[in-house]
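S.K.: Take this structure, written in structure tokens, and hold onto it; I'll ask about it next.
The values are calculated or read from the model by the stated rules, or taken from the named source; none is laboratory data. Treat the numbers as computed from the prediction; the structure is a model and nothing was measured. So basically every Cβ, Gly included, is an ideal-geometry build from the backbone, and we count neighbours across all protein chains shown.
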Amino acid sequence: MKNKKFTSGFVSIIGRPNVGKSTLLNCIIGEKIVITSDKPQTTRNRIQGIHNIPEGQIVFIDTPGIHAGRSRLNRSMVDAARSAISGVDLLLLVVEATTAPDAELVADILKKVTVPVILVLNKIDLLADKNLVLRKIADWSALYDFKEIVPVSAGRSDGVEHLVTVISTYLPEGHAMFPDDILTDMPEKFIVAEMIREKVFRLTRDEVPYSTAVVVESFVERENGVIAISAAIMLERDTQKGIIIGKKGEMLKKIGSQARTDIERLLDTRIFLELFVKVVENWSERPSKLIELGYE
């Protein structure tokens with residue numbers, strides 16, 4: 001029996017904010033490597049997730065949601081998403097099943113694309129009438145010559161395994177680009193910082209998360225195996241400090257407690273987490289800060 005060819009390639013996950021791109025990547029990888037929340041524009045960087053399959057390896061690139069960026073930070077996020085469209089072997093355009101087909105997005109993003117594009121119709125569990133799925137597929141098909149349209153519910157892991165199988169059929173013959181025991185090429189310090197930022201997104205008021213960055217300032221393994229982490233939650237205005245810290249420090253404690261649970265699961269060891277708040281006026285508009293934080 002002839003051996004199957006080994007295939008590998010880069011696959012970018014693109015789409016509007018809050019359609020479930022990061023949830024989809026986490027579901028495929030089987031571990032939480034990208035933060036999620038119900039607020040749009042949670043992802044700020046291009047993040048690679050590595051998924052090994054029989055006779056193949058898929059390197060996924062999660063991207064910020066494509067939106068009308070107003071601040072310098074938001075414009076950098078959109079630039080990161082657009083740059084991920086080129087230099088890959090396949091695109092996944094993720095859309096929400098409950099929304100109308102987005103002709104503007106298709107015209108804007110896919111007009112010069114030469115690689116295959118698979119439409120991922122996400123959140124199908126939110127459709128009251130399952131017959132609507134076929135109608136949605138037909139409506140999207142009228143906008144672009146998608147190679148495949150795959151309905152999924154990433155939050156429930158429905159249809160995701162089938163999606164991976166479909167993706168693998170469009171990858172070129174190649175070799176493994178990463179060792180088979182790693183899930184992402186992002187440093188542990190970056191993922192730890194993102195997990196803390198996720199808790200800020202989930203626990204604080206709407207106006208604070210978008211002005212927040214997290215910087216891991218020390219990451220030291222002690223002799224007893226405990227990893228001591230010190231991280232700064234960076235804000236843009238003094239008036240935001242009270243929201244993050246909370247009455248008698250309760251909010252900061254809650255952020256730290258919830259983040260610690262995820263970080264210990266990630267690192268598979270006990271951690272000591274110290275959080276503090278730092279104000280850097282208008283950091284999201286300062287090029288030097290955006291470069292320092294990896295957003296430009």
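S.K.: Taking the criterion of being more than 25 Å from the chain's Cα centre (by Cα), at pLDDT 90 or above, in a strand (DSSP E or B) and surrounded by fewer than 12 Cβ atoms within 10 Å (Cβ to Cβ), would at least one residue in the range 227-237 satisfy it?
M.R.: Scanning the range 227-237, I find no residue that is more than 25 Å from the chain's Cα centre (by Cα), at pLDDT 90 or above, in a strand (DSSP E or B) and surrounded by fewer than 12 Cβ atoms within 10 Å (Cβ to Cβ), so the answer is no.
S.K.: Which of the residues that make up the range 97-124 are surrounded by 13 or more Cβ atoms within 10 Å (Cβ to Cβ), assigned to a loop (DSSP other than H, G, I, E, B) and not small (Gly, Ala, Ser)?
M.R.: Thr98, Pro101, Asp102, Leu110, Val113, Val115, Pro116, Lys123
S.K.: Looking at Leu143, Leu171, can you tell me which residue is part of a loop (DSSP other than H, G, I, E, B) and buried (at least 20 other Cβ atoms within 10 Å of the Cβ)?
M.R.: Leu171
Here's the yes/no breakdown for (1) among the polar types (S, T, N, Q); (2) buried (at least 17 other Cβ atoms within 10 Å of the Cβ); (3) assigned to a loop (DSSP other than H, G, I, E, B):
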residue	(1), (2), (3)
Glu161	no, no, no
Ile167	no, yes, no
His175	no, no, yes
Pro179	no, no, yes
Ile182	no, no, yes
Lys189	no, no, no
Phe201	no, yes, no
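S.K.: Exactly one condition in (1) within 26 Å of Leu25 (Cα to Cα); (2) within 22 Å of the chain's Cα centre (by Cα) is false for Thr269; which is it?
M.R.: Just one mismatch for Thr269, condition (2).
S.K.: Another question, if that's okay. Given the structure, is Leu273 within 26 Å of Val220 (Cα to Cα), in a helix (DSSP H, G or I) and of a type in the set (A, V, I, L, M)?
M.R.: no
S.K.: Another question about this same structure. Has the range 191-198 got at least one residue that is at positive phi and at pLDDT 90 or above?
M.R.: Checking the range 191-198: not a single residue is at positive phi and at pLDDT 90 or above.
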